[in-house]
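Peer 1: Once you've had a glance at the structure underneath, I'll fire off some questions.
Every read-out reported here was derived from the displayed coordinates using simple, explicitly stated rules and does not represent laboratory data. Computed from a predicted model, the values in this text were never measured in an experiment. Reconstructed Cβ throughout: ideal geometry from the backbone, glycine too, with neighbour counts over all protein chains shown.
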Amino acid sequence: MTDAPGANGAEPLLAVEGLHVAFHGPDGAVEVLNGVDFALARGEVLCLLGESGSGKSVTLRTILRLHNPKRTRVSGAVRFAGQDVLGLGERAMSQLRGGDIALIFQEPATAFDPVYSVGRQIVETIRRHKSVSEAAAWARAVELFQRVQIPSPERRLRAYPHELSGGMRQRAMIALALSCNPSLLLADEPTTALDATVQIQILLLLRRLQQEYGLSVIFVSHDIGVATEIADRIAVMYAGRIVEMGPVREVIRAPLHPYTQGLLGSTVRKGMRARRLNAIPGAPPNLAALPPGCSFAPRCPHAEPRCTAAVPEPIAPAPGQLVRCIRAPLA
Amino acid sequence: MSGAPASGAAVPLLAVEGLKKHFPILGGLLRRPVAWVQAVDGIDFAVAPGETLGVVGESGCGKSTTARLLMHLVAPDAGTVRFGGRAINAPGGIGLSELRRQMQMVFQDSYASLNPRLTVADTIASAPAGHGMKRADAQRLAHDLLARVGLEPALFLRRYPHELSGGQRQRVNIARALALSPRLLILDEAVSALDKSVEAQVLNLLLDLKDDLGLTYIFISHDLNVVQFISDRVMVMYLGRVVEIGPVEAIYAEPAHPYTRALLDSMPAMDPDRRTTEPPLSGDPPNPINPPSGCRFRTRCTFAEAVCTAREPALDTVAGAKFAGHHAACHMARAGSGHSKAPAPGAGGDSANPVTAGARP
């Protein structure tokens, strides 16, 4: 992994610009993404960190265009390896999904069809994207299971999803995701449902595979500890916007946005004992009726009239860092 | 809050002995048991009045079954539970209705635990009304309790569960649990589903309620940082057994069981310069249907020797423990057990703890 932020130097692998997403529901439109911008370099791990409703999973799913187009309004741009993803035809899009861009989820049970063995599903995926023989695809599946450290891979490939333990299923899903040599891996809380001793195994495995394959990764998480273990950069999301972005050390040690500061203050850490936490008051805003200006202002201890006048523009306090707060120091 | 163990002079509020629950797996044409899930397999512990006992362990360790057994939501196969010195459901003991007035539970799923057709006011007032309180008094109690858990009564009394956020619903669940003035609250992953900023608010509320109302908590969680934050003592479970129990300082600073150590080492470091490099354990927790013989942890333990397969270690005082009331079920923690890393019989308190010494073979 590299410490270099994705935005500078060489052409980024992925660029998301001014992304807005709204879902149409029975009660009108809900604005779930309100202008998301970021770039991802080749071989970089970016963690989208945020609470429920912050837009982190929607961002991932929009990159793969997984939302129902009839009920979703998308504007902005997603550029992947020079292609305009939002403008691609359905055929090109389905080649991209599971091919150059792979996705892993929190719940591996939903990634596999319960009535086929995991091996058959991996073979099918490989042959859908590459014209190789059944035997060659099977050999590749065995190799992949070895790469994700599944013991006795031949036997495990013949197993049905329910016959694998939770950690094993998550490894099998990672193998499935890697089967077509993606350059970008999208990971949506892949360790959240796992036990602590298994979670750390999967995080270390992902970190190793990322380095071996030189993968770019967008890792979505609500857990600061997990983000700290895996990310080169962290983008903190709130109410459909990135409110702070920077190298992992800076964001964890010297957070600039009051929301990031509040999130870190709310997180119980090792060694803390029975003293009141610096909790953020209130709850995240209703996305169907966002407050004017900075969405965090109603909960912010430093809010002033300027905060509600307009959405704060992103400020770069240092190269590679970004914060949307009027109080942030300018470079 | 005191870190003193329950074995002090006072009568423990809750004393559990030999608690056991095996669930059958039915199979075959006649739906007969073909195997048993050893969910809770003979556990002993006590909770002193006013203390918080944290319970940690991974899926299948039996922590949630233990909570349900204490509440008698499922009947135990064996064992005794005494509340305030009185046996539960025994002649001259404490009846279930009285027990559930004294002991209440808050669950992880804040939505599933509420009746969607009842307003917040009726949800909180239903238990006291059921125990004979006048309707007007019960409604006034609901009003006061709602204010107590930090929800503005005028805004929330008439609302339905679907009109509340997760954090607000969990506050309502806590208010309802408090409606019968219980002495003991079992919190089963009660903050686990909440966002961090809301979790912090609810943890603050739990600290305040405990101080103000003199409550006793059993706090079940998979989050070791939160357990350390709130607990006086901690009990670590693995495959239906207690593997270690002791004051929170002992468990976190001087873990005597290799499983406790592995759990602590599995926590993300929260420091980008001190990332974890090797997973502390490999594989998943084994299935509680056919647990390993001897020590149940031996199949994942780096210190396992012949004695670990041959004999199951008893939950016993840790040899050379620096903290009173520190017990572990590990052959390495017991002098003369036959394990090569066990202290010699009669060795003093200065023998090195093989688990915290970091001596991985």
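Peer 1: Each label point is 7 Å from the Cα along the Cα-to-Cβ direction; what then is the distance between the points at residue B:335 and residue A:10, in nm?
Peer 2: Once both label points are built, they end up 6.4 nm from each other.
Peer 1: Report, to the nearest 10°, how far helix B:166-178 tilts away from the longest principal axis of the Cα atoms in chain B, using its own Cα long axis and a range of 0 to 90°.
Peer 2: The helix B:166-178 is inclined about 80 degrees to chain B.
Peer 1: Using a 7 Å offset from the Cα along the Cα-to-Cβ direction at both residue A:278 and residue B:253, what is the distance between the two label points in nm, to one decimal?
Peer 2: Those two pseudo-labels are separated by 2.6 nm.
Peer 1: Below 30 Å Cα-Cα, how many Lys pairs turn up in the range B:14-236? Only count pairs eight or more apart in sequence, or on different chains, if you could.
Peer 2: 7
Peer 1: A follow-up question, please. Sorting check: for B:76-86, A:68-78, A:150-160, which peptide has the highest mean count of neighbouring beta carbons within 10 Å, and how do the rest follow?
Peer 2: B:76-86, A:150-160, A:68-78
Peer 1: So what's the angle, to the nearest 10 degrees on a 0 to 90 scale, between helix B:135-148 and the longest Cα principal axis of chain B?
Peer 2: 50 degrees
Peer 1: Could I ask something else about it? What percent do you get for the relative contact order of chain A when only Cα pairs under 8 Å and 6+ apart count?
Peer 2: Computed over chain A, the figure is 21 percent.
Peer 1: Something else now. Binning every alpha carbon pair distance of the range B:82-231 at 10 Å from zero, what are the percents per bin?
Peer 2: Computed distribution, short to long bins: 11, 40, 35, 13, 1.
Peer 1: Okay, helix-only estimate at 222 nm for chain B: each DSSP H run of n ≥ 4 adds -39500 (n - 2.57), divide by all residues, round to 500 deg cm²/dmol; what do you get?
Peer 2: Per the formula, -8000 deg cm²/dmol.
Peer 1: How long is the gain from residue A:270 to residue A:136 if the chain were fully straight, where each residue apart is worth 0.36 nm and the alpha carbon distance is subtracted?
Peer 2: Full extension from residue A:270 to residue A:136 adds 43.4 nm.
Peer 1: Please give the average number of partner chain Cβ atoms lying within 10 Å of the Cβ of each residue in A:185-198, rounded to a whole number.
Peer 2: 4
Peer 1: Size of the dipole of the range B:14-236 about the Cα centre, Lys and Arg at +1 and Asp and Glu at -1 on the beta carbon, nothing else charged, in debye to 20?
Peer 2: Once rounded to the nearest 20, the dipole reads 800 debye.
Peer 1: Here's a follow-up. Just tell me, in residue order, which DSSP H segments of chain A are both 15 angstrom or longer along the helix axis (alpha-carbon based) and at least 0.0 in mean Kyte-Doolittle hydropathy.
Peer 2: The answer, listed by residue number, is A:166-178, A:196-213.
Peer 1: Same structure again: With an 8 Å Cα cut-off and a minimum separation of 6 or more residues, compute the relative contact order for the range B:1-118 in percent.
Peer 2: 27 percent
Peer 1: Between residue A:253 and residue B:136, what is the FRET efficiency for a Förster distance of 35 Å, r being their Cβ-Cβ separation, to the nearest 0.05?
Peer 2: For residue A:253 and residue B:136, the calculated efficiency is 0.05.
Peer 1: Using a 7 Å offset from the Cα along the Cα-to-Cβ direction at both residue A:107 and residue B:290, what is the distance between the two label points in nm, to one decimal?
Peer 2: Roughly 3.0 nm, to one decimal.
Peer 1: What does the structure give for B:189-201 when I average, per residue, the other chain Cβ atoms found within 10 Å of the residue Cβ?
Peer 2: Mean number of neighbouring Cβ atoms from other chains: 6.
Peer 1: Looking at chain A as a GNM with Cα springs under 10 Å, which of A:283, A:39, A:29 has the largest mean-square fluctuation?
Peer 2: Highest fluctuation among the options: A:283.
Peer 1: In addition: Given a Förster distance of 30 angstrom, what is the FRET efficiency for residue A:124 paired with residue B:35, based on the Cβ-Cβ distance and rounded to 0.05?
Peer 2: In this case the efficiency is close to 0.30.
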